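Inspection log for the structure reproduced underneath, given as structure tokens.
The values are calculated or read from the model by the stated rules, or taken from the named source; none is laboratory data. Not measured: the values here are computed from a predicted model. Don't worry about glycine lacking a Cβ; one is built from the backbone with ideal geometry, like all the others, and counts go over all protein chains shown. Each accessible area value is taken on the protein alone, full model and side chains, heavy atoms only, with ligands, DNA and RNA left out. Shrake-Rupley method; radii C 1.70, N 1.55, O 1.52, S 1.80 Å.
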Amino acid sequence: MKFLCQIWFDTEKSKLVPQTEWDALTQECIISDNRWRESGHLLVALALHEPSTAITVRLRNGDVSATDGPFAEIKEHLGGFVLIEAENIDEAKTIVSSFPILKYCSIEVRPTYAIQDGK
């Protein structure tokens with residue numbers, strides 16, 4: 001099974017982490033990602049730029065519009081995502097529990113399925 005792991009940061013708290021701490025964490029994450037990639041569990045791991053770099057695209061009454069930034073003011077922001085392969089949700093939880101980034105965020109683990117066959 002594949003699981004999407006969404007990495008959520010408290011927006012205000014994450015601003016208080018010193019850059020040197022983020023740099024050290026980045027190195028820890030690279031090592032962890034490589035270990036899980038080599039074991040065949042990690043399929044994709046990507047970080048996201050801050051919410052202010054986003055655009056929101058909408059279709060309303062047949063018209064497409066794009067606005068700068070996220071749709072709403074939020075306390076937490078999506079900072080990245082990881083796609084993993086695991087036997088079940090318990091194994092996915094075990095894998096995610098070892099991610100160094102977990103010290104600074106919460107990670108939502110959600111099973112995925114293909115829309116063409118519902119599996």
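A few points about this structure:
- Close contacts from the stretch 36-58, counting a first residue that is within 30 Å of D68 (Cα to Cα) and a second that is part of a loop (DSSP other than H, G, I, E, B) and open to solvent by 100 Å² or more (accessible area, probe 1.4 Å), with Cβ to Cβ under 6 Å and a gap of 6+ residues or different chains, come to T56/F71.
- Restricting attention to the stretch 68-77, the residues that are open to solvent by less than 60 Å² (accessible area, probe 1.4 Å) and out of contact with any Asp or Glu (no Cβ under 8 Å at 6 or more places or on another chain) total 2.
- Residue list for the stretch 1-16, filter: acidic (D, E) and either surrounded by fewer than 13 Cβ atoms within 10 Å (Cβ to Cβ) or in a helix (DSSP H, G or I) (or both): E12
- Residue that is nearest to the chain's Cα centre (by Cα) [pool: residues in the stretch 110-119 that are free of Cβ contacts under 8 Å to residues at least 12 places away in the same chain and open to solvent by less than 80 Å² (accessible area, probe 1.4 Å)]: A114
- Leading residue by the ranking (modelled with the lowest pLDDT) among those in the stretch 78-109 that are of a type in the set (D, E, K, R) and surrounded by fewer than 11 Cβ atoms within 10 Å (Cβ to Cβ): K103
- Pairs are defined by a Cβ separation below 9 Å, a sequence spacing of at least 6 or placement on different chains, a first member in the stretch 23-35 that is closer than 9 Å to P100 by Cα, and a second member that is part of a helix (DSSP H, G or I) and open to solvent by 80 Å² or more (accessible area, probe 1.4 Å); the pairs so defined are L25/K103.
- Residues satisfying the stated conditions in the stretch 17-57, i.e. open to solvent by 100 Å² or more (accessible area, probe 1.4 Å) and at pLDDT 95 or above: Q19, T20, Q27, I31, R35, R37, E38
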